[in-house]
Amino acid sequence: MKDLVSKLESFIKEAKPSKPKQSNKIHFLKEGQKPPTNKEKPTGILHLTSDWVLLADLNGNYYFPPQIALTQLRPDIVLFSQRLKRVILIELTSPCEENMNTWHMNKLNKYSSLLNVIKQNEWYVDLFAIEVGARGYPSTTLSSCLKKLGFSGYLLKDTINTLGRISMECSFFIWLCRNSKEWSTPVLNTKTSENTSVSPKPKAKNFSGEKDLNTKETKKTPNKTVQLKHAGFINKGNTCYANAILQAMSTFPSFWSRQLAESGTISPLARALSLNLSLLGKRSSPIDPSNFLRALQNLISKKRSIRFNINTQQDAPEILQIIIDNLKEVSVVADDALSSSLHTTTTCEICHSFSSVEIKQDIVQLPLTNSVASSLNNFLSTKYCRENNRYFCSLCNSLQDSVRISSFASCGNIIIFQLIRYVDQNGRTIMDNRKVKIFTDSLTVPVKIDNTVTLKRTFKLKATINYRGTLNLGHYWAFIREEATDSWLKCNDTSVIKVNFNDLSNDSSYILVYSTD
């Protein structure tokens, strides 16, 4: 891909903006007149303007331009023009020749949702899924892409031949190292002559299949320290609540990337959130969330008309709700993706009249029991309102004993639960530190449609935000699911370590994030 990027960079520098040629124009000649010999200069997409910006996924340190779309996807090459509001996506794959069509369709399907988001943001987009076979055969998609960009003549042929040769040489080197347990990266010798050869020798390895009697076998003890490619966030002074929220929100990228990008206007908080979360999974060094904290501080200060101090103890559910409210302002479908509608019916036991109310909630509060499933069942169970909790019946015009039934009328693809750990005891607010068991990573939520038919929806646990301390002093951290390895990570500020699923059953679970994705 380096060579392709180099060719594109050189082409952009040398290309002069010109109008696209009219391919359907017909020139008529008089009888006996010879056609003109001068050839029209080829024009392509890259000739339309001179302000092209090229981004390439070579070192893993670039993020997709947020002004175009907020997404975790990273195409191999991105070219965009702010003047034309046009973006070119190039995805390079090197499969076996017989699998080219399959991989071509896979890449088109992978980026279909991103294309829709970009178009909704009023950008014109071109997607080129190109393939160069592992045995050096370039697919016709490569030449078609280069021609549409404006390549022609010798440059076109040279680029295609170069990419094909490099793919073949890499495959040959991998084949040479097929028996090597240690991977080394010597420079390939691409200059061939009568006395030179293209075969690089892997480090201290005999490919004959026989043991080399002159070399002693040494057993190396494996390194037990595994460097995880998932970064933590730096604590800027009592900002562990923000770090835990960021880690939890990283587990549902469909919410903070595709859905946020559907609107042309992006709030400063949404932009900062996207920039920080896009770095997760790409680096292992800690991330400084200062830009996100400043945006959060400005947002809350504006809402409360008083300066908000980010470096003080905060209640994570309250901050999370503020973030969600802001994100929903720039996303029409975010409300449907995250909010849950709770339908509550209260029936008077004297006159049997009833009243119903439906309330949307982004964070559903559950009573604390010994497990998440039992907490949900307790929340949806029939409640008998007696004594100090009686219901005012408008028909009886007095407080009466009543029966209250709650159910989910609808819920989005993401559902967030908060365990009620703070209780009032003799006028004092204390924290209930009972252990909550999580027996399985799935949870079934019954949804009543039109208050008649019950539909069971299954959600998967994606993250938990944990808290230990008192009402005014404590510490937050998060457990998140790593989808690539289907394992769990404990994210405690800058520390990120792998843990067992059993570690999620503890006495500090505070917020639980579930998703259908």
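Laid out as a table, the results:
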read-out	value
Close pairs (7 angstrom Cβ cut-off, 6 or more residues apart or separate chains): more than 22 Å from S112 (Cα to Cα) and assigned by TED's automatic domain parsing to the domain that holds Q297 in segment 251-274, among the acidic types (D, E) and modelled with pLDDT of 75 or more anywhere	S267/E329
Output for segment 278-297, where each listed residue is out of contact with any Gly (no Cβ under 8 Å at 6 or more places or on another chain) and in a loop (DSSP other than H, G, I, E, B)	S278, L279, G281, S284, S285, D288, P289
L70 within 21 Å of the chain's Cα centre (by Cα), of a type in the set (A, V, I, L, M) and modelled with pLDDT under 85	yes
Within segment 393-479, strands (runs of 3 or more DSSP E) holding 2 or more residues that are more than 29 Å from C351 (Cβ to Cβ)	402-411, 414-420, 422-425, 428-431, 442-449, 453-469
Residues of segment 75-90 classified as in contact with a strand residue (DSSP E or B) (Cβ under 9 Å, 6 or more places away or on another chain) and assigned to a loop (DSSP other than H, G, I, E, B), total	5
Flag if L342 is in contact (Cβ under 8 Å) with a residue 12 or more places away in the chain, exposed (fewer than 15 other Cβ atoms within 10 Å of the Cβ), under 26 Å from D450 (Cβ atoms) and assigned by TED's automatic domain parsing to the domain that holds N433	no
Some residue of segment 481-495 being surrounded by fewer than 20 Cβ atoms within 10 Å (Cβ to Cβ) and within 30 Å of S406 (Cα to Cα)	no
Index of the failed condition, V403 passing every other in (1) over 30 Å from W488 (Cα atoms); (2) surrounded by fewer than 13 Cβ atoms within 10 Å (Cβ to Cβ); (3) in contact with a Ser or Thr (Cβ under 9 Å, 6 or more places away or on another chain); (4) not charged (D, E, K, R)	(2)
Selected residue [modelled with pLDDT of 85 or more and over 42 Å from the mean Cα position of the chain (by Cα)] from L368, L380, L395, L419	L395
In segment 151-204, residue farthest from the chain's Cα centre (by Cα) [restricted to those that are charged (D, E, K, R) and either surrounded by 14 or more Cβ atoms within 10 Å (Cβ to Cβ) or modelled with pLDDT under 60 (or both)]	E194
Lone qualifier among I310, I319 - being in the same structural domain as L273 (by TED's automatic domain parsing), under 19 Å from Y476 (Cβ atoms), in contact with a Leu (Cβ under 8 Å, 6 or more places away or on another chain) and assigned to a loop (DSSP other than H, G, I, E, B)	I310
Any hit, segment 469-482, residues being of a type in the set (D, E, K, R), modelled with pLDDT under 90 and in contact with a strand residue (DSSP E or B) (Cβ under 9 Å, 6 or more places away or on another chain)	yes
R390 being of a type in the set (K, R), without any contact (Cβ under 8 Å) to a residue 60 or more places away in the chain and surrounded by 12 or more Cβ atoms within 10 Å (Cβ to Cβ)	yes
Candidates K302, K328 - the one that is part of a helix (DSSP H, G or I), assigned by TED's automatic domain parsing to the domain that holds I511 and at pLDDT 90 or above	K302
Index of the failed condition, W52 passing every other in (1) within 23 Å of K7 (Cβ to Cβ); (2) of a type in the set (F, W, Y); (3) outside the structural domain of S167 (by TED's automatic domain parsing)	(3)
One residue from F439, F459, F501, F479 being among the aromatic types (F, W, Y) and out of contact with any Phe, Trp or Tyr (no Cβ under 9 Å at 6 or more places or on another chain)	F439
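The values are calculated or read from the model by the stated rules, or taken from the named source; none is laboratory data. Note that the coordinates shown come from a computational prediction; the quantities given were computed from them, not determined experimentally. Neighbour counts are summed over all protein chains in view; Cβ atoms, including those assigned to glycine, are modelled from backbone coordinates with ideal geometry.
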